[in-house]
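The values are calculated or read from the model by the stated rules, or taken from the named source; none is laboratory data. This is a predicted model, so every value here is computed, not measured. Cβ placement follows ideal geometry from the backbone for every residue including glycine, while neighbour counts extend to all protein chains displayed. These area figures cover heavy atoms from the full protein model, side chains too; ligands, DNA and RNA do not enter into them. Shrake-Rupley method; radii C 1.70, N 1.55, O 1.52, S 1.80 Å.
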Amino acid sequence: MLKSFLVPAIALSALCTLPAPVQADELRDAIAADMPQLMDLYRDLHQYPELSFEEVETAAKLAGRMRALGFEVTEGVGQTGIVAVMRNGDGPTIMLRTDMDGLPVTEQTGLPFASTQMAVPASGVKTGVMHACGHDTHMTAWIAAAQMLAERKDQWSGTLVMIGQPAEELGLGALAMLEDGLYTRFPKPDVTLAFHDAAQFPAGMIGYSPGFALANVDSVDITVKGIGGHGAYPHTTKDPIVLASAIVMKLQTLVSRESSPLDPAVVTVGSFHSGFKHNIISNEAKLQLTVRSYSDASRQLLLDGIERIARGEAIAAGMPDDQMPIVAREEHYTPATYNSPVLTEDVMAALRVRFGPDQVAQVPSVMGGEDFAQFLRASPDDTKSLIFWVGGVPQADFERANDGQITLPSLHSPFWAPDAEKVIATAAEALTSTALDLMAPASELKVGM
Ligand SMILES: [Zn+2]
Ligand SMILES: [Zn+2]
């Protein structure tokens, strides 16, 4: 059990009047000195994004840098993923993860290094490609942390596993790496760490949620059958649009009447398609749902409820037994992301000392999803896990938004242009200092390790 391994940091935090450790300045200065090269890397990654499972050039760029830093690098793990290992004596195994994929979004930031890349995603419609989720900031901070840790091997003892994960946006890349032997071919981590840039917090702010931080994400497809016919003779048909509408309305009661008000849940019908013409009653309607929850029990309640409601409404509409709706859910769902509470509080206490109490805040959990969750789920007894937010909103924009002058773009927006330098500097320092704390060679500090 990992606990109290950051005892000195907690003690500092409790006293709170002590100045930040000297090491903070040294590390911060070193990252600042490297920032021109890091920003070159960031701009290059930003300008040439690649879609999920197509991160070939991106992975090659990262792999080359990691080799140059002295890591043993394996490419092609989980299709386009990379694993970089640095062994440095006895001690814990710490895994730092970055994701690598861009999105099928046509960039409209107007930045001089804006992406003009084009690609054809699964939808088949050619589109621009953009790092609209900020994974370019993740990769740059990850490289910076690798460099800082490689240059400070005398300050830590243990094994560092740095992974570049593909296809986070599909929710499939983490699983692909695990299924390709991430925990058997490479050292299994005691702690996994990652961060994500955030479009709701000012640049450089660190936000965290102990326990459930992001939700279970299930995609459900419902094919509602009907009996088609002439629009002027509805009594000779079973109208699938009316039936599917009833299903949509009844689904609203799952969260409002069946789920506990204290257990967050979402059922959204994001797509409803049926019919081709004014005067024809269709044979079929298709619904696409996203279903969000935190606990396994809540997830099951929603998924069971969706099947029951679809069938129940079809029976009420008089559909025959062999024409019941088909409810299909995607085989690989994204499980809820859980931040190990003790690890989270320990790390954040240390980061509060380093960055100051105003820069580090506990924030509400969200119903978004993140497949970083898979790394803990694959090793629930041996591994602790933490992902935190680093705010990316330029300070001036944040203030104007607070005054109601502008609306901030969200992640995935074609206008998302974070203060990348602030995100990268903050995240690189947070990741490096946390890894150094977790792998501090002074063994008496690692009580319970
Ligand atoms: Zn995203
Ligand atoms: Zn993302």
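The conditions of being at pLDDT 95 or above, among the polar types (S, T, N, Q) and outside any helix (DSSP H, G or I) are not met by Ser4. Is it the case, given these coordinates, that Val129 is aliphatic (A, V, I, L, M) and either touching a Ser or Thr at 6+ places or on another chain (Cβ under 8 Å) or within 16 Å of ligand 1 (Cβ to nearest atom) (or both)? In short, yes.
The residue pairs whose first member lies in the range 279-306 and is under 18 Å from Leu214 (Cα atoms), whose second member is outside any strand (DSSP E or B) and basic (Lys, Arg), and whose beta carbons are closer than 7 Å, counting only pairs six or more residues apart or on different chains, are Ser293/Arg299. In summary, Gly89 fulfils each of the numbered conditions (1) surrounded by 14 or more Cβ atoms within 10 Å (Cβ to Cβ); (2) closer than 24 Å to Gly181 by Cα with the single exception of condition (1).
In the range 289-303, how many are over 20 Å from Ile326 (Cβ atoms) and out of contact with any Gly (no Cβ under 8 Å at 6 or more places or on another chain)? Outline the logic, then answer.
If we filter the range 289-303 for residues that are over 20 Å from Ile326 (Cβ atoms), which is where we start, we get 292-299, 301.
Right, trim to out of contact with any Gly (no Cβ under 8 Å at 6 or more places or on another chain) and you get 293-299, 301.
Qualifying residue count for the region: 8.
Considering only residues that are of a type in the set (S, T, N, Q) and either open to solvent by less than 70 Å² (accessible area, probe 1.4 Å) or in contact with a helix residue (DSSP H, G or I) (Cβ under 8 Å, 6 or more places away or on another chain) (or both), which ones fall in the range 391-409? Please lay out each step first, then the result.
Of the residues in the range 391-409, the ones of a type in the set (S, T, N, Q) are 395, 402, 405, 407.
The answer is Thr407, and nothing else.
Among the candidates Gly270, Gly231, Gly226, Gly275, the residue that is farther than 30 Å from Val390 by Cβ and out of contact with any helix residue (DSSP H, G or I) (no Cβ under 9 Å at 6 or more places or on another chain) is uniquely Gly231. Of the residues examined, Val191 is one that is β-branched (Val, Ile, Thr), more than 16 Å from ligand 1 (Cβ to nearest atom), at pLDDT 95 or above and open to solvent by less than 10 Å² (accessible area, probe 1.4 Å).
Condition test on Ala328, is it more than 23 Å from the chain's Cα centre (by Cα), at pLDDT 95 or above and open to solvent by 20 Å² or more (accessible area, probe 1.4 Å)? When the stated conditions are applied, Ala328 passes them.
For the range 348-449, please list each of the helices (runs of 4 or more DSSP H) lying entirely inside it that holds at least 3 residues being closer than 21 Å to Asp29 by Cα.
On the way: elements: 373-377, 395-402, 420-438.
Counting at least 3 such residues, we get 420-438.
Go through the range 354-364 residue by residue and tally those that are open to solvent by less than 50 Å² (accessible area, probe 1.4 Å) and of a type outside the set (Lys, Arg). Even if it seems obvious, please write down each step before you answer.
Just the residues of the range 354-364 that are open to solvent by less than 50 Å² (accessible area, probe 1.4 Å), to begin with: 354-356, 360-361, 363.
Going one step further and asking which of them are of a type outside the set (Lys, Arg), we end up with 355-356, 360-361, 363.
Counting residues in the range 354-364 that are open to solvent by less than 50 Å² (accessible area, probe 1.4 Å) and of a type outside the set (Lys, Arg) gives 5.
So how many residues does the range 202-231 have that are within 16 Å of ligand 1 (Cβ to nearest atom) and open to solvent by 10 Å² or more (accessible area, probe 1.4 Å)? Talk me through it step by step, then tell me what you get.
Here is the first cut: in the range 202-231, the residues within 16 Å of ligand 1 (Cβ to nearest atom) are 213-215, 217, 219.
From what's left, open to solvent by 10 Å² or more (accessible area, probe 1.4 Å): 214, 217, 219.
Here the count works out to 3.
Of the residues making up the range 125-136, those that are over 19 Å from the mean Cα position of the chain (by Cα) and within 16 Å of ligand 2 (Cβ to nearest atom) number 0.
Specify which of the listed residues (Ala60, Ala68, Ala122, Ala84) is more than 16 Å from ligand 2 (Cβ to nearest atom) and at pLDDT below 95. Testing whether each residue is more than 16 Å from ligand 2 (Cβ to nearest atom) and at pLDDT below 95 leaves just Ala122. The C-beta contact set for the range 124-152 (first residue without any contact (Cβ under 8 Å) to a residue 12 or more places away in the chain, second residue among the β-branched types (Val, Ile, Thr) and more than 16 Å from ligand 1 (Cβ to nearest atom), distance under 9 angstrom, 6+ apart or interchain) comprises Lys126/Val120. Scanning the range 332-353 for residues that are in contact with an Asp or Glu (Cβ under 7 Å, 6 or more places away or on another chain) and open to solvent by 10 Å² or more (accessible area, probe 1.4 Å) turns up Tyr333, Thr334, Ala350.
Counting only strands (runs of 3 or more DSSP E) that fall entirely inside the range 167-264 and contain at least 3 residues that are within 16 Å of ligand 2 (Cβ to nearest atom) and in contact (Cβ under 8 Å) with a residue 12 or more places away in the chain, the qualifying elements are 191-202.
Can you name every residue in the range 99-126 that is part of a strand (DSSP E or B) and in contact with a Ser or Thr (Cβ under 9 Å, 6 or more places away or on another chain)? I'd like the intermediate steps shown before the answer.
Step one: of the range 99-126, the residues part of a strand (DSSP E or B) are 99, 103, 118-119.
Leu103, Met118, Ala119 - these are the residues of the range 99-126 that are part of a strand (DSSP E or B) and in contact with a Ser or Thr (Cβ under 9 Å, 6 or more places away or on another chain).
Would you say Thr223 is within 19 Å of Val327 (Cβ to Cβ) and hydroxyl-bearing (Ser, Thr, Tyr)? I'd like the intermediate steps shown before the answer.
Values: within 19 Å of Val327 (Cβ to Cβ): yes; hydroxyl-bearing (Ser, Thr, Tyr): yes.
It is true that Thr223 is within 19 Å of Val327 (Cβ to Cβ) and hydroxyl-bearing (Ser, Thr, Tyr).
Can you confirm whether Leu376 is more than 16 Å from ligand 1 (Cβ to nearest atom), under 19 Å from Tyr294 (Cβ atoms), open to solvent by less than 60 Å² (accessible area, probe 1.4 Å) and at pLDDT 95 or above? Quick ask: steps written out before the conclusion?
Values: more than 16 Å from ligand 1 (Cβ to nearest atom): yes; under 19 Å from Tyr294 (Cβ atoms): yes; open to solvent by less than 60 Å² (accessible area, probe 1.4 Å): yes; at pLDDT 95 or above: yes.
Judged against the criteria, Leu376 is a match.
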